[in-house]
Amino acid sequence: MAFGEEYIFKTCDDTNCVPGSFRRKNLRPGLAQILAKRGKGYEPVSYAFNKAYFTRGEAAQWLEDHEVGIEIEKNYVPGEDPAREETLEKPREMGDPVWISIVRQDLENFQADTIWGRAYSEGVMILMGDLKDGSQKNVTWAYCFDDGFTEQEARDWLTSNRIMADVQPVDELDDKEKALLHTE
């Protein structure tokens, strides 16, 4: 399943960042700044624009208005020239989940038809849902990692984000859990 829900614009080459140091800072609904440790401190490495809130053109305009150092073509009109669109930074689509970290073991307390997923960061999806008793909405159930992660990298990501949960292969889930991932 692919989750290309965001336009990602990089501000720098993030290959020189400390592994596992990536953080997501929500700036406003639909807009997040991705930070990573480089050298002595954290620096912005990209901006993520949710497609439900921004078109690619609106995202580019926001970056220009806020003087974010990203090369964006000034006269770009989304869909006008597919060749030009290919030159813009594209998010890596989430591949099929390979690893999962179940944060809450009480799946039976979730309203089944409310479980949904969204891209959390590159290669990571968060699954959330509402509790049956109505006491909480959008409660995190699990984090999924695609094949861009090894099991150890998934563990490191969780640790660096202060999430205390174990990692297991998706193919070890029971049928009810697999159905939520649409991976059967």
- Note on the structure: Those residues of the stretch 25-62 which are in contact (Cβ under 8 Å) with a residue 40 or more places away in the chain and surrounded by fewer than 14 Cβ atoms within 10 Å (Cβ to Cβ) amount to ALA52
- Query: Pick from ILE126, ILE70: which is modelled with pLDDT of 50 or more and assigned by TED's automatic domain parsing to the domain that holds LEU173?
  - Reply: ILE126
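Could you go through the stretch 30-38 and let me know if any residue there is assigned to a strand (DSSP E or B) and closer than 14 Å to VAL124 by Cα. Let's see the steps before the verdict.
Filtering the stretch 30-38 down to residues assigned to a strand (DSSP E or B) leaves 31-38.
Now drop any that are not closer than 14 Å to VAL124 by Cα, which leaves 34.
Yes, that holds for at least one residue.
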- Inside the stretch 131-167, can you point out the residues that are of a type in the set (D, E, K, R), at pLDDT 85 or above and over 13 Å from the mean Cα position of the chain (by Cα)? LYS132, ASP133, ASP147, GLU151, GLU153, ARG155, ASP156, ASP166
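In the stretch 98-127, what count of residues is obtained for those that are of a type outside the set (Ser, Thr, Tyr) and in a strand (DSSP E or B)? Show your work before the answer.
Taking the stretch 98-127 as the starting set, the residues that turn out to be of a type outside the set (Ser, Thr, Tyr) are 98-100, 102-113, 115-119, 122-127.
Still in the list and also in a strand (DSSP E or B): 99-100, 102, 110, 116-119, 124-127.
Looking only at that region, the number is 12.
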- Message: Quick test for you: out of VAL170, VAL77, pick the one residue that is at pLDDT 80 or above and at negative phi.
- Response: VAL170
- Reported set for the stretch 133-169 where residues are surrounded by 18 or more Cβ atoms within 10 Å (Cβ to Cβ) and in a helix (DSSP H, G or I) is ALA154, ARG155, TRP157, LEU158
- Selection from the stretch 150-177 of residues of a type in the set (Gly, Ala, Ser) and closer than 14 Å to ILE102 by Cα yields ALA154, ALA165
- Item | All positions within the stretch 173-184 that are acidic (Asp, Glu), part of a loop (DSSP other than H, G, I, E, B) and at pLDDT 80 or above | ASP174
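The values are calculated or read from the model by the stated rules, or taken from the named source; none is laboratory data. As the structure is a prediction and not an experimental result, all values here were calculated from the model. Virtual Cβ from ideal backbone geometry, glycine too; neighbours counted across all protein chains shown.
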